[in-house]
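I have placed the structure first, in the form of C-alpha cells, so that the comments after it can refer back to it.
Nothing in this text is a laboratory measurement; each read-out follows from the coordinates by a stated rule. Predicted model only: the values in this text are computed from it and were never measured. As a convention, Cβ positions derive from the backbone with ideal geometry for all residues, glycine included, and neighbour counts pool all protein chains shown.
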Amino acid sequence: MKIMSINTGSSSLKFSLFNMDDESVIASGLFERIGMENSNTIIKFNGMKLEEKIPMKDHADAVNVLLDKLINLKIVNNLNEIDGIGHRVVHGKDKYNKSVIITDEVIKDLDEFKAFAPLHNGPNIVGIKAFKEILPNTLMVGVFDTAFHQTMEKEAYLYPVPLSWYRDYGVRKYGFHGTSHRYINETLSNMLNRNDLKIISCHLGSGGSICAIDSGKSIDTSMGFTPLTGIMMGTRSGDVDPSIIPYIMEKEGKNAEEVIDDLNKKSGLLGMSEESNDMRDVISAMNSGNENARLAFLKYCRTVTNYIAQYYVLLGGADAIVFTAGLGENSAPTRMKICENLSSLGVKLDLEKNKVMGETAKISAKGSKIDVYVIPTNEELMIARDVKKAIESGI
Ligand code: ADP
C-alpha cells in the first residue's frame with residue numbers, strides 16, 4: 001500500500017510517499033517558493049537528492065509538477081498506485097477530534113475555520129483542492145494538529161475571561177502539534193507495551209509545545225487559542241502579559257496586528273539573544289561569552305521547565321518526559337539544563353546517553369525518579385497511518 005503525506009504552507013509543499021507494508025519512505029521532498037521567482041523543487045529517493053528550479057505559479061502547479069516527477073522519475077508507474085493521500089490541517093476547531101475523510105463538507109468547514117489559523121488553514125485548503133482536482137478518485141484524509149487535544153476538559157481549555165467570548169466567538173485553548181504528541185504517545189506506549197502511561201511530551205522545534213498525556217489522552221497543552229502562547233520559541237514569545245500590546249502600540253506607533261507580528265516573528269530566542277532564532281547559534285554565542293545569548297538560553301529552558309513541573313503536578317506524577325523535534329532531538333545542552341532545573345523532582349540525566357542526536361534513546365540515569373527519553377517525531381508517518389486506517393476500516 002502506497003500512501004502520501006502532504007503538508008502545504010503558504011509558499012511551500014512537503015511530501016513523503018510511504019510504502020505502508022513496512023512504513024519505509026519511498027520518496028520525499030520539498031517544493032518551495034511557490035508563486036515566487038526561483039521556485040525550487042527538492043526530491044529525495046533511492047539515496048539521491050535531486051534539486052531543480054521549476055516555475056510554479058501556484059499550488060495547483062506544484063501538485064502537477066510533483067505528480068509528473070513521480071512518474072518521470074519512475075517513483076511510481078502510474079498515479080493509481082497511490083492508495084491514499086493524507087493532508088496535514090492545522091485547525092479543526094472543536095468539530096474534529098480525529099482524522100476524517102475529506103468531503104466537500106469538510107472543505108467548507110476548513111474554509112470557515114480560516115479565521116482561526118489564517119496562515120495555515122488557507123494554504124492547507126489550497127493544497128487539498130489542488131490534489132482533489134487532479135486526483136478526484138483518490139481517498140484523501142485530513143489530519144488535524146488540534147484533534148489530539150480535544151480530550152482536554154473545560155477546566156483546561158477555557159480561559160478565565162468572560163464566558164461569552166467562548167460561547168459567542170470560540171475563544172478557548174485549542175492546542176497544536178497534536179499529531180506529533182500523538183506519535184510520541186503511540187511510540188512510547190508500544191516500546192513499553194503499556195497503555196496507561198503518564199507522559200510529558202516536549203515538542204521543541206522552531207515552534208514548540210508541551211503536552212500532558214494520561215493513558216493516551218491529552219490532558220493539557222501549552223499552546224492555546226493560537227500557537228503564540230506557552231513556552232518560549234525560536235521567534236515566538238510564548239506566554240506574555242497582554243497589556244504589553246497596547247503599551248508597545250503607543251510607544252512604537254504600531255497597530256495591534258503589527259505588535260502581534262513582533263511577538264510571533266521577532267521575539268523568543270531571536271528577540272532575546274538579538275543573534276538568532278536557532279538554538280545552535282544561541283548556544284555557540286553563549287559559549288563565546290555573549291550575555292544576551294546566555295539569558296535567552298536560560299529563559300528558554302526555564303519556560304520549558306515550568307510547563308513540565310506544572311504538568312507533573314497535574315498528572316499526579318509522570319512515567320516519562322520525552323524530548324522531540326529539531327531542538328529536543330538534537331540539543332544535549334538544552335536537555336541537560338532543563339533536567340538540571342527539574343532535579344528537585346528527582347530527574348537525573350546520564351550525560352553520556354544525553355549526547356544522542358536524532359535517535360530514540362532513554363537518556364535518564366539509573367535511579368532517576370522519572371525516565372527521560374529522546375524520540376524523533378514523525379508527523380508524516382502518523383498522517384500516513386491515519387490514511388491507512390481509513391482505507392482499511394473507514395474512520
Ligand atoms: P519546525 O519543523 O518547527 O520548523 P524543527 O522541528 O525542524 O522545526 O526544529 C528546527 C529547530 O531545531 C531549529 O530552528 C534549531 O533551533 C533546532 N535545532 C536543530 N538541530 C539542533 C541542534 N543540534 N542543536 C540545537 N538546536 C537544534
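See the values below:
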quantity: Cα pair distances in region 57-96, grouped into 5 Å bins until the bin that holds the longest one, percent each; calculated: 6, 18, 18, 21, 14, 10, 8, 4, 1
quantity: Euclidean distance of C-alpha centroids, region 4-55 and region 332-395, integer Å; calculated: 27
quantity: Semi-axis lengths (Å, descending) of the ellipsoid that matches the C-alpha gyration tensor of region 266-392; calculated: 27, 21, 15
quantity: Cα→Cβ-extended label distance, 7 Å offset, between E257 and Y166, nm; calculated: 3.0
quantity: Computed Rg/Rh of region 133-173, alpha carbon atoms with Kirkwood Rh; calculated: 1.26
quantity: Gain in span if fully extended, K355 to D21, counting 0.36 nm per residue against the direct Cα distance; calculated: 117.0 nm
quantity: Prolate/oblate/rounded call for region 208-270, Cα gyration tensor, a/c under 1.5 rounded; calculated: prolate
quantity: Folded to 0 to 90 degrees: helix 178-192 orientation relative to the chain principal axis, Cα; calculated: 80
quantity: Fluctuation leader among V240, V322, V25 - the chain, Gaussian network, Cα springs under 10 angstrom; calculated: V240
quantity: In order through region 251-259: 3J(HN,Hα) via Karplus (6.51 cos²θ - 1.76 cosθ + 1.60), integer Hz, x for Gly, Pro; calculated: 5, 10, x, 10, 9, 4, 4, 5, 6
quantity: Protection-proxy order for peptides 260-271, 300-311, 150-161, each taking the mean of Cβ atoms within 10 Å per residue, highest first; calculated: 300-311, 260-271, 150-161
quantity: Rounded to whole Hz, the Karplus (6.51, -1.76, 1.60) HN-Hα couplings of region 28-45, x for glycine and proline; calculated: 8, x, 9, 10, 10, 6, 5, x, 10, 5, 6, 5, 10, 10, 10, 10, 10, 7
quantity: About the Cα centre, charge dipole magnitude for region 1-110 (Lys/Arg +1, Asp/Glu -1 at Cβ), debye; calculated: 220
quantity: Degrees, to the nearest 10: 118-134 long Cα axis against longest axis of the chain; calculated: 20
quantity: Stretchable slack from E105 to L298, in nm (0.36 nm times residue separation minus alpha-carbon distance); calculated: 64.8 nm
quantity: Cross-link pairs beyond the 31 Å C-alpha cut-off, checked among K173/K265; K44/K369; K53/K362; K114/K355; K129/K173; K74/K217; calculated: K44/K369; K53/K362; K114/K355; K74/K217
quantity: Per-peptide average of other Cβ atoms within 10 Å, ordering 284-293, 332-341 highest first; calculated: 332-341, 284-293
quantity: All Cα pairs of region 144-217, percent lying beyond 15 Å; calculated: 59
quantity: Hydrodynamic radius by Kirkwood, which averages 1/r over all alpha carbon pairs of region 335-395, in angstrom; calculated: 13.6
quantity: Counted charge near E52, where neighbours are those whose Cβ lies closer than 13 Å (Asp, Glu -1; Lys, Arg +1); calculated: +2
quantity: Gyration tensor verdict on region 9-127 (Cα atoms; rounded if a/c is under 1.5, prolate if a/b is larger than b/c, oblate otherwise); calculated: oblate
quantity: C-alpha long axis of helix 332-341 to longest principal axis of the chain, angle in °; calculated: 40
quantity: R0 of 51 Å, Cβ-Cβ distance D239-E81: FRET efficiency to nearest 0.05; calculated: 0.60
quantity: Mean shadow area of region 79-132 over all directions, Cα convex hull, nm²; calculated: 3.8
quantity: Translational D in µm²/s for the chain (Stokes-Einstein at 37 °C, 0.692 mPa s, Kirkwood Rh from C-alpha pairs); calculated: 149
quantity: Calculated FRET value between Q310 and I42, using beta carbons and R₀ = 51 Å, to 0.05; calculated: 0.80
quantity: Peptide ranges 167-179, 107-119, 227-239, 49-61 listed from the most packed, as the mean C-beta count within 10 angstrom indicates; calculated: 227-239, 167-179, 107-119, 49-61
